[in-house]
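Could you have a look at this structure, given as structure tokens, before my questions?
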Amino acid sequence: MNGTSVQAAESSSRASVLRRLRTSDLVFHGLTRAAAITVLVLLSGVILALIIGSAPALSTFGLSFITTEVWNPVTDQFGALAPIYGTLVTSAIAIELLAGIPSIIYGIWGLFVFAPFLQKYIQPFLIDAFANVPVLNSLFEGPPYGIGMLTAGLILAIMVLPFVTAISRDVFDAVPPVLKEAAYGVGCTTWEVFRSVILPYTRVGVIGGCMLGLGRALGETMAVTFVIGNAHKVAASILAPGTTISASIANEFTEAVGDLYTSSLIALGLILFVITFIVLTAARLMLARIEKRIG
């Protein structure tokens, strides 16, 4: 009888524990679902606000808003081509934030230290070196201003590189030590272990870190605003001044007079949102294909 009572008590206690665990799981599941739905609702709200705010500009200019370079608040003529071009070029140069340092510090350093250095030494060298090389001579032509798209791209690269490096280091640490030890055991060098063991094992994480760095570079504002020159102009030379979407919004939003001017700036924000979404979606699809190929 005593044994039966003990077993019944244990069964009852086990059932009680399972019920508590099931209840806590259901609560956690409900909270995570609510959080996910909240994020989607907020994101949808942002998209809707951007669409509503940009509607006057898009309805006025249509597709020419994306394909036109003119940006003239005096005559209410606006085109997003120059900011889009500058955003893509500077981000492409930067695909590679010392963490914890405000971006405005990079901008000040870039304006007062880095840009004069480029103007005095690097840009004249590039202009002379590629003066007689087809295609490259137009890419590196013009007077050495110091500021420009190349300078902005290099500043972004300096900012983003530690971010990508930190993510890569974390995924490298996740490689099982037994794999590296086995490779060293058969006589592989450190480079061979990295190339044949560590990098294939962590390829997805490294590419993901690069894509996150690119996404960060696309939306950078303050550092770029200091050194890009803020000129609404599309130029073949990466030494020429230009602008980006985020820099244009930061420079002009507080000065925007009139509904069409404000709407055009909001439309720039919508375009930046779409570009970032496309880049990150493409990165996710690429990672999924790599994961599938690896198995």
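Taking the stretch 89-106, which residues are open to solvent by 50 Å² or more (accessible area, probe 1.4 Å) and either in a loop (DSSP other than H, G, I, E, B) or modelled with pLDDT of 85 or more (or both)?
Ile95, Glu96, Leu98, Ala99, Gly100, Ile101, Pro102, listed by residue number.
Looking at (1) among the β-branched types (Val, Ile, Thr); (2) open to solvent by 20 Å² or more (accessible area, probe 1.4 Å); (3) out of contact with any Ser or Thr (no Cβ under 7 Å at 6 or more places or on another chain), which is the one condition that is false for Val171?
For Val171, the exception is condition (3).
Sticking with this structure for a sec: Scan the stretch 188-231 for residues that are touching a Pro at 6+ places or on another chain (Cβ under 7 Å) and open to solvent by less than 20 Å² (accessible area, probe 1.4 Å) and report the count.
Here the count works out to 1.
Now a separate question. On the given criteria, is Ala82 under 22 Å from the mean Cα position of the chain (by Cα) and on the phi < 0 side of the Ramachandran plot?
When the stated conditions are applied, Ala82 passes them.
Within the stretch 109-117, is there a residue that is over 16 Å from Tyr145 (Cβ atoms), small (Gly, Ala, Ser) and in contact with a helix residue (DSSP H, G or I) (Cβ under 9 Å, 6 or more places away or on another chain)?
No, every residue in the stretch 109-117 fails to be over 16 Å from Tyr145 (Cβ atoms), small (Gly, Ala, Ser) and in contact with a helix residue (DSSP H, G or I) (Cβ under 9 Å, 6 or more places away or on another chain).
Applying the selection to the stretch 213-262, what residues are among the basic types (Lys, Arg) and under 17 Å from the mean Cα position of the chain (by Cα)?
Correct list: Arg216 only.
Related question: Being of a type outside the set (A, V, I, L, M, F, W, C), touching a helix residue (DSSP H, G or I) at 6+ places or on another chain (Cβ under 7 Å) and modelled with pLDDT of 90 or more is the filter here; which residues of the stretch 249-266 pass it?
Ser263, Ser264
How many residues does the stretch 142-163 contain that are open to solvent by less than 10 Å² (accessible area, probe 1.4 Å) and in contact with a Gly (Cβ under 7 Å, 6 or more places away or on another chain)?
The number of residues fulfilling the criteria is 5.
Something else about it: It is to be established whether one or more residues within the stretch 229-244 are within 21 Å of Ile147 (Cβ to Cβ), modelled with pLDDT of 85 or more and assigned to a helix (DSSP H, G or I).
no
Among the candidates Leu179, Leu118, which residue alone is buried (at least 18 other Cβ atoms within 10 Å of the Cβ) and not basic (Lys, Arg)?
Leu118
For the stretch 237-261, enumerate the residues that are open to solvent by less than 40 Å² (accessible area, probe 1.4 Å) and over 12 Å from Thr221 (Cα atoms).
Ser237, Ile238, Leu239, Ala240, Pro241, Gly242, Glu252, Ala256, Leu260, Tyr261, listed by residue number.
Further, regarding this structure: Report yes if Thr75 is within 22 Å of Gly258 (Cα to Cα), of a type in the set (Ser, Thr, Tyr) and surrounded by 14 or more Cβ atoms within 10 Å (Cβ to Cβ), otherwise no.
Answer is no for this residue.
Which one of the conditions (1) among the charged types (D, E, K, R); (2) part of a loop (DSSP other than H, G, I, E, B); (3) over 24 Å from Gly258 (Cβ atoms) does Glu69 fail to meet, given that it meets all the rest?
Failing condition for Glu69: (3).
The values are calculated or read from the model by the stated rules, or taken from the named source; none is laboratory data. What you are looking at is a predicted structure, and each value in this text was computed from that prediction instead of being measured. For neighbour counting, all protein chains shown are included, and Cβ atoms are generated from backbone atoms with ideal geometry for every residue, glycine included. Surface accessibility is based on the protein's heavy atoms, side chains included, excluding ligands, DNA and RNA. Shrake-Rupley method; radii C 1.70, N 1.55, O 1.52, S 1.80 Å.
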